[in-house]
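**Q** Got a structure for you, written out below as structure tokens; questions coming shortly.
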Amino acid sequence: MENVLVQSKKKFHFRLLLGIVLAFITCLIVAEIASAHGYISAPQSRAYQCKLGQNTNCGNVQYEPQSLEAKGNFPTGGPADGQISGAGIFPQMNEQSPTRWNKVNMNTGSNTFTWTLTAAHATKEWKYYITKPGWDQSKALARSDIELFCSINDGGKKPDYTVTHTCNIPADRSGYHLILAVWEVADTGNAFYNTIDVNLSGGGGNPGDTTAPTAPSGLHSMGVTANSVSLMWSAATDNVGVTGYEIYRGSTLVATVSGSTLTYNATGLTANTSYSFTVKAKDAAGNVSAASNALSITTSGASTPDTSAPSAPSGLHSMGVTASSVSLMWSAATDNTAVTGYEIYRGSTLVATVSGTTLEYNVTGLTANTSYSFTVKAKDAAGNISPASNTLTLSTSAPPSTTAPAWTPGTAYKVNDLVTYNGVVYKCRQAHTALAGWEPATTLALWIEN
């Protein structure tokens with residue numbers, strides 16, 4: 001019987017472990033596939049302008065412009081006509097009229113397109129389509145409205161988190177047009193679809209752009225240490241698209257981040273020192289904005305090691321005694337930083353450690369009618385240990401007068417049967433046949449102290 005139960009438990013544990021491992025592997029695979037997301041940040045796509053608040057009434061895409069994902073192999077596959085701009089899942093993105101969406105001013109000819117990827121993924125190719133001359137500006141985008149003007153084959157390689165392409169917009173286009181950018185993923189069969197609303201002028205491309213972005217605003221600190229300052233600011237805007245931010249400490253350029261990044265952690269600073277920071281925005285043509293508001297801030301003082309131990313806990317006393325247990329309680333210790341834990345000692349033996357907010361502990365497994373001494377010590381995060389509390393000396397009570405046979409492996413027990421184990425009387429909670437390892441003191445599902 002014992003061997004059958006042991007084998008059954010081993011099989012159950014193996015199956016449980018196997019299930020957990022398979023579930024974990026599946027999560028990793030799904031997470032890797034699902035994490036491949038990105039959007040056109042310059043010139044600003046329709047969805048990205050929703051995120052920035054420049055387009056309104058956009059639906060949920062304003063929170064996740066990187067998620068315009070659908071089946072790939074466009075134009076053979078992909079979203080149905082009329083649902084292309086929304087990738088079949090964001091219906092507001094398919095709305096179309098001459099005035100529905102904010103437009104980006106661009107020139108025909110050579111232009112730079114920037115993708116911001118929230119997670120890179122092996123890539124098949126990048127494709128750029130533009131609406132044909134005379135397209136219907138009041139009809140949702142369809143395959144018959146567009147033609148391919150640029151493609152880049154990545155051959156399955158994994159791209160960087162910022163990807164740029166230089167493409168020539170046809171010179172015979174002017175006024176309001178749509179550019180559809182398609183990122184074909186190599187190993188999932190899916191693609192990402194970004195629509196850009198553009199107002200085209202002839203000749204020159206982005207190099208003819210002389211309009212600088214607006215200045216970033218609201219520069220502030222999210223945290224300060226002795227050697228670092230965490231910065232955050234609100235996005236700038238641009239007639240084409242912000243491609244990056246320059247962070248200055250005084251007049252010194254210390255870092256450049258992407259156009260979709262609005263935070264930076266300045267490190268390598270000196271403790272207890274004043275610094276001034278500003279941020280500038282830039283676009284693909286190299287135009288740089290005016291500086292943001294200046295943030296003046298002082299780093300904190302250098303930290304010193306904590307060598308101060310907490311005070312000793314006080315008032316150690318007992319809240320109850322049985323034949324095999326003692327319930328202890330004490331008053332809190334204090335510390336120059338914080339008490340993080342208490343150590344409970346039986347004589348010189350550490351029997352337990354509890355958190356710094358716990359002021360009681362039940363010591364079990366004691367012998368009936370026996371004298372014990374207890375103390376408690378406090379500790380802090382630096383590992384400093386307090387002196388011991390007052391010593392509490394007391395005796396466990398005598399065993400219950402009820403007599404009962406000794407607990408014996410291999411014996412069949414019924415509910416409410418009484419047994420004696422290590423001088424303590426236990427009552428059976430569930431009918432069973434006793435096995436080695438199911439001792440009453442440690443198998444609370446089967447036995448309760450009488």
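**Q** Specify the longest stretch of the chain that does not include any exposed loop site, a site being one of the trypsin sites (Lys or Arg not before Pro) with a non-H, G, I, E, B DSSP assignment and at most 12 other Cβ atoms within 10 Å.
**A** The longest such stretch corresponds to 158-413.
**Q** Show the residues, 5+ positions off or on another chain, whose built amide H is closer than 5 Å to the amide H of Ala290.
**A** Residues meeting the amide H criterion: Ala215.
**Q** Rounded to a whole number of µm²/s, how large is the Stokes-Einstein D of region 314-395 at 25 °C and 0.890 mPa s, given Rh as the Kirkwood radius over C-alpha pairs?
**A** 190
**Q** In addition: In whole Hz, what ³J(HN,Hα) sequence does region 190-197 give by Karplus (6.51, -1.76, 1.60; θ = phi - 60°), x for Gly and Pro?
**A** Here the 3J(HN,Hα) series is 9, 8, 10, 10, 10, 9, 10, 8 Hz.
**Q** Any chance you could run the full-extension gain for Ser373 through Asp172? It's 0.36 nm times the residue separation minus the Cα-Cα distance, nm to one decimal.
**A** Full extension of this stretch gives 62.9 nm more.
**Q** Report, in whole Å, the centroid distance computed from the Cα atoms of region 406-450 and region 211-231.
**A** Cα centres, region 406-450 to region 211-231: 66 Å.
**Q** Now for a different question. Given Pro313, Val163, Ser144, which one lies farthest toward the positive end of the charge dipole of the chain, if we put +1 on the Cβ of every Lys and Arg and -1 on the Cβ of every Asp and Glu?
**A** It is Pro313.
**Q** Can you work out the Karplus-derived ³J(HN,Hα) for every residue in region 220-229? Use 6.51 cos²θ - 1.76 cosθ + 1.60 with θ = phi - 60°, whole Hz, and x for glycine or proline.
**A** Values per residue, Gly and Pro as x: 8, 9, 9, x, 9, 10, 5, 9, 8, 9 Hz.
**Q** Where does each of Met93, Met222 land when they are ranked from fewest to most other beta-carbon atoms within 10 angstrom?
**A** Details: Met93 29, Met222 10.
With the sparsest Cβ surroundings first, the list reads Met222, Met93.
**Q** Considering the options Gly82, Thr357, Leu328, tell which one lies farthest towards the positive end of the dipole of the chain, charges being +1 on Lys and Arg and -1 on Asp and Glu at the Cβ, about the Cα centre.
**A** Comparing the listed Cα positions along the dipole, Leu328 ranks first.
**Q** Still on this structure: How far is helix 2-34 tilted off the main Cα axis of the chain, in degrees rounded to 10, range 0 to 90?
**A** Orientation of helix 2-34: about 20 degrees from the principal axis.
**Q** Continuing with the same structure: Rounded to the nearest 20 debye, what is the charge dipole size of the chain about its Cα centre when +1 sits on each Lys and Arg Cβ and -1 on each Asp and Glu Cβ?
**A** With only Lys, Arg, Asp and Glu charged at Cβ, the dipole is about 600 debye.
**Q** Modelling each spin label as a point 7 Å along the Cα-to-Cβ direction, I'd like the Ser311/Thr211 distance in nm, to one decimal.
**A** 6.8
**Q** Give, rounded to the nearest 20 debye, the magnitude of the charge dipole that region 328-450 has about its Cα centre when Lys and Arg contribute +1 at Cβ and Asp and Glu contribute -1 at Cβ.
**A** 220
**Q** Over all alpha-carbon pairs of region 77-163, lay out the pair-distance distribution in 5 Å bins, whole %, shortest bin first.
**A** 3, 11, 16, 22, 22, 18, 7, 2
**Q** Specify the inter-centroid distance of region 143-162 and region 322-393, based on alpha-carbon positions, in whole Å.
**A** Distance between centres, Cα-based: 67 Å.
**Q** Moving on to the next point. What FRET efficiency comes out for the pair Val354/Ala436, r = Cβ-Cβ distance, R0 = 25 Å, nearest 0.05?
**A** Using R0 = 25 Å, I get an efficiency of 0.20.
**Q** Further, regarding this structure: How big is the dipole moment of region 33-208 about its Cα centre under a simple scheme where the beta carbon of each Lys and Arg is +1, that of each Asp and Glu is -1, and everything else is neutral? Debye, nearest 20, please.
**A** Using only the charged Cβ atoms, the result is roughly 140 debye.
**Q** Ok, one more. Which of the listed residues, Asn293, Gly175, Thr375, is farthest toward the dipole's positive end in the chain, when Lys, Arg count +1 and Asp, Glu count -1 at the beta-carbon?
**A** Working it through, the farthest residue towards the positive pole turns out to be Thr375.
Every number in this text was worked out from the coordinates using simple rules, so none of it is lab data. Predicted, not measured: the structure shown is a model, and the values here were computed from it. Note that we place each Cβ from the backbone using ideal geometry, even for glycine, and neighbour counts take in every protein chain shown.
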